[in-house]
Amino acid sequence: PTARVALKLIHGLAYRPPNAYEMFYATPGPAGQKGNQALRNERIRTSEFVAEYFPASTMRLAANLFRYSVSDLIDQAVDPADGLLVFQNTGHTRSAGAGFEAERRWPAGARLRASYSYQRALDFNGARLVNSPRSLFKLNAALPLGRGVLAGAELQYISRRRSLAGDVPGYVLGNLNLTVPTPLPGLECSIALH
C-alpha cells in the first residue's frame with residue numbers, strides 16, 4: 001500500500017507422488033515389508049498472509065500468519081492382515097501459526113537478523129503432531145572481515161516436542177561460519193563449526 005509497507009496473500013497447492021521404495025520395496029518373512037501400488041499422491045494446501053515494514057532502507061520488520069493442510073499423508077504402518085509393514089495413505093495433518101522477523105543491514109555489509117515462529121501442528125486424530133516443536137527462534141549475524149571474507153554466527157532455539165519415545169526437551173544450537181573467496185570466479189569456500 002505504501003513505499004514502506006508490503007502486504008502479501010499467498011496461496012499454494014502442491015503434491016508429492018509416492019516414490020519407488022514406498023510402492024514396490026518388499027522383504028518377506030517376519031518383520032518384513034510389502035509394497036503398495038495403490039498409494040495416492042500426498043497433497044498440501046498452504047495459505048499465508050505476510051506484512052513487511054521498512055522503517056529505513058537498512059531495516060526490515062515482518063510478520064506472517066500461516067495455515068498448512070496435508071491430505072493423503074503417506075506413512076508406514078503394520079497391516080493387521082499379515083503383520084507386514086506397508087506404506088499407506090493415513091489421513092491428514094494441519095498446522096497453523098505465526099512468525100515474526102527483524103533484519104538490520106549496515107553499509108559496510110554487516111547484518112543482524114532475528115526470527116521467531118510459533119505453530120500448532122495436529123495429526124488426523126487432532127493430537128499434537130510427533131516431532132513438531134511449537135516454538136523456533138533464530139538469531140544470526142554476519143560480519144565482513146575484508147577481502148571477501150565473511151564471518152557468521154547463528155543461535156537456534158527449538159522448543160520441546162513430542163516423540164514416539166516421549167517428550168524431547170528444548171535445546172539451543174550454535175553455528176559459526178567462515179566464508180572465503182577462491183581464485184575461481186563465482187566459487188567460494190566455507191568452513192562451519194556446529
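Do we find a residue being more than 29 Å from A141 (Cα to Cα), outside any loop (DSSP other than H, G, I, E, B) and in contact (Cβ under 8 Å) with a residue 60 or more places away in the chain anywhere in the range 84-102?
Narrowing the range 84-102 to residues more than 29 Å from A141 (Cα to Cα): 84-95.
With the extra rule that they be outside any loop (DSSP other than H, G, I, E, B), the set shrinks to 85-89, 92-95.
So of that shortlist, the ones also in contact (Cβ under 8 Å) with a residue 60 or more places away in the chain come out as 87.
Scanning the range 84-102 turns up at least one residue that is more than 29 Å from A141 (Cα to Cα), outside any loop (DSSP other than H, G, I, E, B) and in contact (Cβ under 8 Å) with a residue 60 or more places away in the chain.
Here's a check for you: in the range 86-120, which residue that is at pLDDT 95 or above and aliphatic (A, V, I, L, M) is surrounded by the most Cβ atoms within 10 Å (Cβ to Cβ)?
In this case the residue turns out to be V86.
Would you tally the residues in the range 3-42 being part of a strand (DSSP E or B) and either β-branched (V, I, T) or open to solvent by 80 Å² or more (accessible area, probe 1.4 Å) (or both)?
10
R67 passes all but one of (1) open to solvent by 40 Å² or more (accessible area, probe 1.4 Å); (2) over 15 Å from the mean Cα position of the chain (by Cα); (3) within 30 Å of T2 (Cβ to Cβ); which number fails?
In the conditions (1) open to solvent by 40 Å² or more (accessible area, probe 1.4 Å); (2) over 15 Å from the mean Cα position of the chain (by Cα); (3) within 30 Å of T2 (Cβ to Cβ), R67 misses (2) alone.
Going by the structure shown, is R45 more than 23 Å from Y157 (Cα to Cα), surrounded by 13 or more Cβ atoms within 10 Å (Cβ to Cβ) and basic (K, R)?
On the way: more than 23 Å from Y157 (Cα to Cα): yes; surrounded by 13 or more Cβ atoms within 10 Å (Cβ to Cβ): yes; basic (K, R): yes.
Yes, satisfied.
Using beta carbons and a limit of 9 Å, which pairs, at least six apart or on different chains, have the first residue in the range 45-68 and at negative phi and free of Cβ contacts under 8 Å to residues at least 12 places away in the same chain and the second one of a type outside the set (S, T, N, Q) and surrounded by 14 or more Cβ atoms within 10 Å (Cβ to Cβ)?
Pairs found: A56/R104; S57/R105.
For the range 160-194, what are the residues that are in a strand (DSSP E or B) and of a type in the set (K, R)?
Matches in the range 160-194: R161, R162.
If Q76 satisfies every condition in (1) more than 30 Å from R113 (Cα to Cα); (2) in a strand (DSSP E or B); (3) out of contact with any helix residue (DSSP H, G or I) (no Cβ under 9 Å at 6 or more places or on another chain); (4) not charged (D, E, K, R) but one, which is the exception?
Condition (3) is where Q76 drops out.
Can you confirm whether R113 is out of contact with any Asp or Glu (no Cβ under 8 Å at 6 or more places or on another chain), touching a residue at least 24 places away in the same chain (Cβ under 8 Å) and of a type in the set (K, R)?
Taking the combined requirement at face value, the residue does not satisfy it.
Inspect the range 12-28 for any residue being farther than 26 Å from D123 by Cβ, aliphatic (A, V, I, L, M) and in contact (Cβ under 8 Å) with a residue 24 or more places away in the chain and give the result as yes or no.
No, the range 12-28 has no match at all.
What number of residues within the range 121-159 satisfy the criterion of being under 30 Å from G91 (Cα atoms), part of a loop (DSSP other than H, G, I, E, B) and open to solvent by less than 70 Å² (accessible area, probe 1.4 Å)?
Number of matching residues: 8.
The values are calculated or read from the model by the stated rules, or taken from the named source; none is laboratory data. Keep in mind it's a predicted model, so treat the numbers as computed, not measured. All Cβ positions, glycine included, derive from the backbone under ideal geometry; neighbour counts span all protein chains shown. Ligands, DNA and RNA are stripped out before the accessible areas are found, and what is left, the full protein with its side chains, is counted by its heavy atoms. Shrake-Rupley method; radii C 1.70, N 1.55, O 1.52, S 1.80 Å.
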